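Below: the structure, in structure tokens.
The values are calculated or read from the model by the stated rules, or taken from the named source; none is laboratory data. Just so it is clear, the structure is predicted and the values come from calculations on it, not from any experiment. Here the Cβ positions follow ideal geometry from the backbone for every residue, glycine too, while neighbour counts run over all protein chains shown.
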Amino acid sequence: MSGVTHVAAGAAIGFVVNSPGLGFALGLASHALMDLFPHRELFGVRGELWATFWGSLTFLALAFAAGRPLPVAITALGSTLPDLEIVLRWKGLLSEESAIFPTHNGLLPQQQSSPSFAVITQSLIVLAGLAVGVMNVAHFF
């Protein structure tokens with residue numbers, strides 16, 4: 001699952017829960033659930049990092065505009081943090097066997113999808129996250 005998709009899901013949860021502690025835990029749980037859904041990485045290493053960076057900035061801007069930067073940021077962090085293991089693996093600094101997160105070490109296996117299915121499903125998740133963020137900004141004003 002692309003990092004930006006995890007960010008979008010985590011941010012949406014953060015907008016709804018509005019609690020940093022609970023949000024972080026739910027963000028981690030959402031990461032595992034989303035990794036169990038058939039998917040594939042969409043952008044290559046550099047593209048993944050850039051998409052996650054720009055997606056994070058977008059959702060953080062929405063969170064500030066809605067007056068909820070802390071719960072949204074912490075929940076999005078929780079939903080994205082496990083992929084630090086993937087980045088470390090891409091850099092050759094971590095083996096799959098030494099990964100901790102269950103969908104990254106093989107304990108909970110991930111399934112690959114077709115590229116078109118991945119684009120459609122992950123785009124819908126990002127759009128849903130954006131919709132939740134925009135609705136929260138609209139309610140703030």
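Got a sec? Which of F59, F101, F117 is under 19 Å from S2 (Cβ atoms), in a helix (DSSP H, G or I) and touching a helix residue (DSSP H, G or I) at 6+ places or on another chain (Cβ under 7 Å)?
F59
Tell me the residue from G78, G129 that is closer than 28 Å to S19 by Cβ, in contact with a Leu (Cβ under 6 Å, 6 or more places away or on another chain) and in a helix (DSSP H, G or I), please.
Matching residue, one of G78, G129: G78.
Condition first: touching a residue at least 60 places away in the same chain (Cβ under 8 Å), exposed (fewer than 14 other Cβ atoms within 10 Å of the Cβ) and of a type in the set (A, V, I, L, M, F, W, C). Now tell me which residues in the stretch 97-116 satisfy that.
Selection gives L108 alone.
Residues L94, L124: which one is surrounded by 17 or more Cβ atoms within 10 Å (Cβ to Cβ) and without any contact (Cβ under 8 Å) to a residue 12 or more places away in the chain?
L94
What's the total number of residues in the stretch 44-63 that are within 17 Å of L88 (Cα to Cα), in contact with a Phe, Trp or Tyr (Cβ under 8 Å, 6 or more places away or on another chain) and either polar (S, T, N, Q) or touching a residue at least 24 places away in the same chain (Cβ under 8 Å) (or both)?
1
Can you tell me which residue is modelled with the lowest pLDDT among those in the stretch 90-105 that are closer than 17 Å to L36 by Cα and of a type outside the set (S, T, N, Q)?
In this case the residue turns out to be E96.
In the stretch 1-19, which residue that is surrounded by 24 or more Cβ atoms within 10 Å (Cβ to Cβ) and β-branched (V, I, T) is farthest from F37 (Cα to Cα)?
The extreme case among them is I13.
Here are the criteria: (1) assigned to a helix (DSSP H, G or I); (2) surrounded by fewer than 16 Cβ atoms within 10 Å (Cβ to Cβ); (3) touching a helix residue (DSSP H, G or I) at 6+ places or on another chain (Cβ under 8 Å); (4) aliphatic (A, V, I, L, M). Tell me which single one A29 does not satisfy.
(3)
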